[in-house]
Every structure is written in C-alpha cells, then in structure tokens.
Amino acid sequence: MTAQEIGDYNDIVTKLQAAIPAKRYPDVVLLEITRYGLFAEKGILENLTPYLDKDPLKEQLYDFALDVGKYKGSNYVIPFNSSTPVIYYNKALLRAAGLPDTVPLKNFNDLLGAAKTVQEKLGAQGKFGISPMGQFARWGIVMSNDSDLIDPVSNDVIVDSPKTIAAYEWMADLVRKYKVASVDGITDENAAKAQFTAGNVAINLDSTGVFGGFKKALGDDLGVAPFPCEAVCRVPIGGAGIGIISMIDVEKKKAAYDFISYMASPEANAIWFAATGYLPINKKTLDVKVAADAANKDEGITVSIKQIDYARGRPRPPVVTWMRKMEYGVWESVALGQKQVPEALKELAAQTKAQTD
Amino acid sequence: MISIALENVSKSYQADTPVVKNVDLDIEPGEFVVIVGPSGCGKSTMMRMIAGLERISSGTLRIGGKVANDIPPQHRDIAMVFQNYALYPHLTVAENIGFSLEMRGVSKTERLRRVEVVAHLLQLSDYLHKKPKDLSGGQRQRVAMGRAIARDAKTYLMDEPLSNLDAELRSSMRAEIKHLHRQLKATMIYVTHDQVEALTLADRIAVMNKGVLLQFDTPEKIYDDPASLFVAGFIGSPPMNFIEANCKEGIVQTTKEGTRIPITCPPELEGEDVVVGLRPENGVLSAGDKRMAIEFRGEVMLIETTGSNRNIHAKTATGPLLIVAPRSAAIGLGDNVSIGYNTEDAFLFEKKTGKRIHLS
Amino acid sequence: MIARLTPYAMVLPIVVFILAFTYWPILVSFDLSFRHWDFMSSEKPFVGLLNYSELVRSVEFWNSVTITLIFTAISVPLRLALAIAIARYLTTESKTVRALRGAFFLPAVTSSVAIAVIWSWIFSTDAGVANALLNNLGIAKVPWLQTPSLALWVIIIVNTWKQLGYDIVIYVAGLQAIPEDLYEAAKMDGGKRWHTFRRVTFPLVMPTTYFLLIVSVIESFQIFTIVDVMTQGGPAMSTDMMVNMLYRTGFTLFDVGKGSALAVLLFVFLVVLTVLKSRILGKRVHYEH
Ligand SMILES: Nc1ncnc2c1ncn2[C@@H]1O[C@H](COP(=O)(O)OP(=O)(O)O)[C@@H](O)[C@H]1O
Ligand SMILES: [Mg+2]
C-alpha cells in the first residue's frame, strides 16, 4: 500500500474527481464528511453496508459514527477522524483583560462580551478578542441558531432563511461592526489559527481536531469550553471518513475493507484520539489505556466527548460540495463589508438551487 | 581656439603599471597636434583623458589655462571623432550630425540649417535621410566628422579617424581635414599610428612610445633632428638605416671590412656601443670612384620602384642597407655598389639609452 | 532510403512527445468546450456553443477579463520600466554586479507558491511586516488583502517582484550589446543622462523591449499561482484572473465544459499575441552596427 499526501479536504475532492476519467484513482480514499455524497451518488464509492453487516465493528461504533457515513440509507464511508467545533480560549489573555478563567461563554452574547472586553483592554497591544469563524465554526454557529445551510431532512436549500441570515450577521459583525476580530482570518483560515496559537487572540471557535496542536502551542493557558448554545445546543460533526473506490477488483476491496475496519478498531482509534483530540468513534476506544489516560487528563477531550450527545451529521447531497466552495467567497464579501448578508445569502441560495436542477 | 596643457600626466588602469607616464604637453590655441606612436603606446588613453572619458590618475590637465581634471566631458567644449565612428545606428545622417545640437537644446530650424551647412561642407547633402548602415566607409567617416564639427567646439579630438579607410580615400580625407582645420580655426588633436599622416597634417607632432612622450616638435624638426633612436626610426619613410658600431679612440668604428664611418665620438662614450643612423634618401650610389666621407660596399639584393624613385636594398658587411635612388641610376640586381653619405647626414645614438648624441 | 529516413526517425520521439502532451490536450479541451461534463459521468453530451454563450453572458467572465487586462496593463509597463532602470546599473562585469544580478534573478526561479506564502505573511493585516513598518511611521493598519482596490496592487507588486529578475537579465544582455563608444559619443555631444537614455539607449534596446513586452503580456495572462495562494481571486472577485476562473470552473466546480471554453478563448488570444510577436519582431526592430 502506498499513501499519497494530497492536501486539504478540498484538494482531495479535486484530485479524486480528476483521477477518475484518467483511471488513476486510489483503492481507498479519505473524504470529508459532507463531501462524499457527490461520489456516492455517482457510484464511485463502494456501498459498505454489506461489509458492515458481517463485521462485529458495526456494534462497536457510536451511532453518530455510523450515521455520518450514510448516504441515502447506505454506508459509504466509515469515519476515521471525527470532530465537533468547540470554544478554545487563551486563559492568560482573558486574565490580562481582567476576566476570570471561567468566564461564561454559553451563547453569542457571552462570546461577544468577552471579546469586546479583551479588545478594549488589549487591542492596543495588537491582541484580538476573537478569531473570525472558519467554515466549520460558521456552520456550527448557524446550527446553534437552530438553522442550517441545507435542511437535513428535506435537503431544501435554507441558506437564506432568517435564522441563518441572523447567524451570519452576528459573525460578520464581529469583524465589520465590533472590530473584535482580525480581517486576516477572513481570507485565510490558517492565519486565524496561527494568530491564536501565537497568543494574539483570546477566543477561537474551531474543530476538536486541532486540540493537540493548540495545546502544544499554548500549554496550560489553553482553555476549552463547549460550543455555545444560542437557540439550541447542536453542533455539526466534521472530519473525514474512509471509503472504497467501487471500480477496483473484489480481492482489493476485501483488503481495503479490512484496512478500514482496523482503522476503526479500539486500538487504532485510541492512538489517534489520544494524539489529536478527534472524537472516539468506537465505544471501546476509551477502554484502551492511552485513550483513557488522555480523556482523564485533558479537559479538551472531555468537552468534545460530552458534545457527542448533541452532535449531528450534516446534510450531504452532492450539491454541498459545490456550495461549500462558493460559501468562502460569500463569507469574505459579507465579513469585509462588501455585501449585505441577506443579499449575499439569497444569491448563494439561488445559485445553489440552480446547481441542483 | 583654446590652449590645452598636460602637466606631468600619468594614467594607470592597474596600480604600478602606468600606460601613460609623466607626460608634459603644451598645445597652443588653434594648433594642429598629431600624437603618433605604435599601437598600444597610450595615444588613445591620452586623448580620452583630454576628452574627459578617462580619469587622470595623476598630474594636471589645463584647458584654456584652467585646471580641467574634474570637468565632465560635456562641459569641456571638446568634440571628438571616434576611431570606428560611433554613429547612432538608429538615427539618420541628419540626426547624427545634429545630435549634439539637439542635446544642447538648439531649435529645430537652427539645427537643420547647421546640419545642411555641415553636410554641404562634407559632401553629404544627398545622404541626409539615410541610415549609417546604407553608407560606405568613407561616407560614414564623414558623418562622424560632421557630427563633431556641427557643434562648433573649441577643440576637436580625432582618434585614428582614417584608419578604416583605403589608401586613396585616406589621402583625400587628409587634405579635407587639413582644410577643415583652417576653416574651423580650432585646436585639433589627432591620433594616428601612421607617421605619414603625422608629417602631412601636424603643426607639431608628439611622438610616443610605451606611454612616454619622446619628442614634441614640428614635423621638420622631428625629421631633421630626432631626439632619440626610436623617434628617428619611427618617423620617415622608408625608415632610417641603423648601423651598430663602437666608440674606440674617439672614433666610431665597425669591425667590418669595407665600411668607413669617420665620425668622432664624444670622449664620455669611449668604449661604448653606439648606433649610427642614416636616412635612405640621403645615400648616394656610386660605381666606386666618387669618394664620400662615409662609405659602404655591398651587393644589390632587391629593387622596388616607387614611381619617381627606386628603393635599393643592399647587403653590406654591417647588415642590410636601404637607400632611395633616382630612377635614372643605372643599377641592376646583383650589382656590386658603393654607398656613400656625408658626415652631416649621419645621426649618432647611444645604444644603451637610445639617446641622440649631437655631433659637433 | 534508410539514410533519408534517419533524420525523421531522430526527431520522431520529440514530435510524438509534443503531439501527445501539447497538441492532444489542446484538441481535447477544444472538444470538451462543446460538451457538458463533470469528470465523473460516463456521458459527455454535446451542447454546441452553449458553454461559450453562457460564458460571455456571465458577469464572472467579464470580471475576470477586466481584472486580467487591468493587471496586465499595469504590471507589464511597471516591470519593463523597473527592469530597464535597474539593468542600466548592472551591465558591467564585476563580482558585485554578478551577485546583484543573481539576487534579482533568484525570485524568478523560486517556486511561486513559496513566494506567495511569504508575501501573504508580509501583507497580512494584523501580523504582517508591511503594516508593522507603516505603523512605525504612524500609519494605521491597511487591510491589504481584504480590500478589493488594494489586493490587486499587492498581486501586481508580488508578481513584479518575482518576474523582475528575468526582465533585468534580458535587458542587461540587450544593453551590453550597445557599443560603449555610442555612450561616450553621446557624452561628448552633451547628452544628459535622460536625453541619452531616451535618444540612444531606449531606441537601441527596442528589440529587447518588444521581446519582453510580448513575453510579459503572455505571462500576465497566465498568472495563476500567486493569486490562487494569496487571494483565491478575492476579496469580492477583485483579483479573479482568467486562469483562476478557469481553474475554479473546471476543477473546483467541475464544470469541465465551461472551463474548457474559457481555456480555448484564452488559447486563441495568446496565439494571436504570439503571431503578432513574430510579425513585429520580424519587421520593426533590427539595427546593424
Ligand atoms: N580600459 C582599459 N583597461 C586596462 N588597460 C587598458 C584599457 N584601455 C587601454 N588599456 C591599455 O593601455 C595601453 C594603451 O592603450 P591605448 O591608449 O588604447 O593605446 P593606443 O591608442 O596607443 O593604441 C594598452 O596597453 C592597453 O592594453
Ligand atoms: Mg588607439
């Protein structure tokens, strides 16, 4: 087996799509959890339900883990790394701004209030209250406001619904109105991460998957809190799952499935979980010692495990891939004040609908 | 018209290897000075220092009495004709000639007028709209001259301006340049390695060798009274004959038979090696009987006819000897001849230093 | 017979190579530009000129054409002017000068991605060196890459910085071909620096200028990597070049047909430019010395 480093989740989609007509596709592929629908729909991915039915693994997996891999009732990927967004904060910066470590960050107002305080007290030193939301966090904020981009049941496009618009207004205001977030993070999500790890930003909403990296950078100054519950408590499940390309021969498929199954086993999952902060997907993972140690030690991991209860898989019709690509530009234009939120989201909704027809 | 003076001027490109050494040169206003010397002796370097294109390493340059070492070329009021003309290939003849006027902000109508005058003077009127590449060598040369004279500078510098032309054109251009000098009444400094050009053009000639100025004088003086072995050999065509000899008992002597050189040596040269110089055109061929003070016996090896005269190459006991004889002289290859000189025609040089020894 | 065929046999591999990797893809894109395809479907239905007509009716297309033209119109003259201004001081042959030429040339052979990443840092609004310097001068933070009117300038600056060394090296060669005595003649003739440049240097490097003009226009129309890394065409499409739109359309939105149509349009334009190049270079700009 050879592994190929491809790049981020967007790149994987691009490369895989281009590889198919060239017949240079891999045997197994790691796909982001909202973007495999496209390939499942086209028959590129192997239906894994028959394999799972014969595999004891099926009983061990958390319900959410099975659920996010399902497209139109069948399993096409099995999660490898799963994550939810959480609130990260820099305790040292909060203290420096006169806030307690335990300042409540339970809803949008709490976040804004804390961010404003930090900005007021430390803005002159080049510090920022909060990072602009990355796309995963944006989706989370929308869900927390009891809405979505696409209706999970009907698959209708609801990116221009009032609640979604309100959520975007609030996020954009952090930058354009309250100026408690740096503009750099709008055009470059990595810049937002880098500013937080450099200790220049007090609050950052991001995936549990980056916990390990943040911890390394900030050490004991890193605080983790559950994602805010504005209208409801609901967080999206992110990360990626492994699927099998349907065009390869039967022998290879068997071997490929064994590989996937192993990656989801308690032993393999425990190592990954302990090293990163991604959610455990196997109910027995926490019985493994490394995982148990990590879970007891790190509040970040505890927080993320607690969120499993209200974590949701996001809708994944083929158009989501397209829509997520377009959403970057929309967010950029509203956060930078170049377009009004309702207008921009209505445009995106219309385009997305046109794309589905 | 303006005077130009070099005082103890030296130039080195690399430390310790000067290519021009301690040159003193006083040029009168309106004078036509030719700098002559073999290739590589530093003539161009001298001229470029005067022009301001090359820094002077040490010494003083005065233009019109004023120290000019640091005056940039465009402010020296000097025009220059380059050896390979340096015409602007993308400009027409008219634009080339008018270039300096254009650079100096002369109005277009005035420029055209001046260009036409110059073109007429140099017989370029029919070519004003051609590009340099469409001209013959001689025409290009004239454009280069035209570009320099259009400006009406106080001094003109010409670096081997004729060296790329054929012999015929060269001689006609020589005359034109001489004529121009009279018309322009400007100081002219002209560089050449051709001593004929130097003799025909110059008011005064500066002879250089290996970066040293050897003699600076009128053509006549240089020819009649060369200051050194090098000058004597370089100026004059065909070149002077040199006979190696020795001062013994106050007399120049050769050990060779059939040679008589009854010249007295100054006492300080007793025992020293000397060189006797004899110009080919002063030699007299004699069948034998007519006795002259200096005499060689030899055999005719080669006869060259130059038109009015003949160059007779003879083999003598002291080596080859060349004389110019009138065509009337009845002489044939292989003839045994006697060649005579008057003592006044002989030049004596110290061999070691090349210095001229004046005979009393 | 064999002797006659030998030369053909020897060029065969390269001909095959060029056919396979240059002309075949061009033909395929041409064909795809008349079809609908998303890379995965087994059908590629023929749709005639639909892709083209959709393209020329879209705001996005004209936006990218305009941006590309503005980018070209500013960066080409800027590059050439800077290059010739700098090249004039780098024509002599000394160790220092050669080192300087090398220093200027280095970005031209450095990966565009690396360059773009570094300049993204430099122009980052809150953590960038550019704003830190301005801050020292008492100037407030400038959101370089977040302001539509500025982001294009940043792209122009970065691209110029990258390409300048190449332009300089070509200009140095062009300037070195001008005989030194022409400058000396101009000096004697009283030419001031600027006059001499305008009347002697500039006309004489005209062949080089034409060459660089065409090459840099073609290059400008092909700009992609720097934009892709630094702004991805944003903010608000203000740096969306034609190739970036092409890539997005074909490879992230998987509209292969429209992407190909865009590629064909770009290709035709560049071919026209190239033909123009050989015409102009053949005609106008030869001097004999
Ligand atoms: N730019 C230069 N750098 C180093 N040496 C030079 C340079 N120009 C001339 N020289 C040397 O100086 C000497 C005199 O050159 P030049 O004045 O051109 O001679 P001429 O004009 O009498 O033939 C030559 O030995 C030449 O090699
Ligand atoms: Mg010379």
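Every read-out reported here was derived from the displayed coordinates using simple, explicitly stated rules and does not represent laboratory data. Keep in mind it's a predicted model, so treat the numbers as computed, not measured. Using ideal geometry, Cβ is built from the backbone for each residue, glycine included, and neighbour counts are taken over all protein chains shown.
Laid out as a table, the results:
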quantity	calculated
Lysines whose Cα lies under 29 Å from that of residue B:352, excluding same-chain neighbours fewer than 8 positions away	B:11, B:21, B:43, B:210, B:221, B:248, B:256, B:315
The protein assembly as shown, helix-only ellipticity at 222 nm - DSSP H runs n ≥ 4, -39,500 (n - 2.57), divided by all residues, nearest 500	-13500 deg cm²/dmol
Dipole-positive endmost among C:276, C:94, C:13 within chain C (Cβ charges, Cα centre)	C:94
Selection from B:180, B:230, B:39 lying farthest towards where the dipole of region B:4-234 points positive, charges on Cβ	B:180
Dipole in debye (nearest 20) - the protein assembly as shown, about Cα centre, beta carbon charges: Lys, Arg +1; Asp, Glu -1	1180
Size of charge dipole - chain B - debye, nearest 20, with Cβ of Lys, Arg +1 and Asp, Glu -1, no other charges	1220
Ranked by how many other beta carbons lie within 10 Å on average, peptides B:194-206, C:73-85 from highest	B:194-206, C:73-85
Nearest-20 debye value, chain A charge dipole, Cβ charges on Lys, Arg, Asp, Glu	220
Across the protein assembly as shown: Cys residues that no other cysteine approaches within a C-beta distance under 4.7 Å	B:41
Global geometry of region B:19-87, whether rounded, prolate or oblate, following the gyration tensor of its Cα atoms and the 1.5 cut on a/c	rounded
Chain C: DSSP helices with Cα axial extent of at least 18 Å and average Kyte-Doolittle hydropathy no lower than -0.5	C:2-18, C:59-87, C:148-176, C:206-221, C:256-283
Net charge, residue A:37 excluded, C-beta distance under 9 Å - Lys, Arg +1, Asp, Glu -1	+2
Residue pairs, from the table A:15/A:289; A:116/A:284; A:252/A:284; B:66/B:355; A:193/A:306; A:306/A:339, whose Cα atoms sit over 32 Å apart	A:15/A:289; A:116/A:284; B:66/B:355; A:306/A:339
Taking chain A and dividing mean pair separation by its residue count, relative contact order in percent (alpha carbons under 8 Å, at least six apart)	28
Charge context of residue B:84, other residues only, Cβ under 10 angstrom, K/R +1, D/E -1	-2
Neighbour-limited loop hits for GluC sites (Glu not before Pro), region B:269-360 (at most 13 other Cβ within 10 Å; DSSP other than H, G, I, E, B)	B:270
Cα gyration tensor shape of region C:58-288, rounded if a/c is under 1.5, else prolate or oblate by comparing a/b with b/c	oblate
Cross-link reach list, aspartates and glutamates versus residue A:179, counting only Cα pairs under 20 Å and skipping chain neighbours closer than eight places	A:110, A:120, A:169, A:188, A:189, A:206, A:332, C:126
Charge-dipole axis of region C:157-260 as Lys and Arg at +1 and Asp and Glu at -1 on Cβ define it, positive-most pick from C:251, C:185, C:214	C:185
Cα centroid separation, region A:195-220 to region A:329-349 (Å)	28
Prolate/oblate/rounded call for region A:37-118, Cα gyration tensor, a/c under 1.5 rounded	prolate
For region A:229-274 versus region A:127-176, the gap between their alpha-carbon centres in whole angstrom	27
Per-residue mean of C-beta atoms belonging to partner chains within 10 Å, peptide B:94-106	3
Between 0 and 90°, nearest 10: helix A:162-176 axis offset from chain A longest Cα axis	60
Gap separating the Cα centres of region C:28-56 and region C:192-220, nearest whole Å	43
Cross-link reach list, aspartates and glutamates versus residue C:258, counting only Cα pairs under 14 Å and skipping chain neighbours closer than eight places	C:31, C:38, C:54, C:60
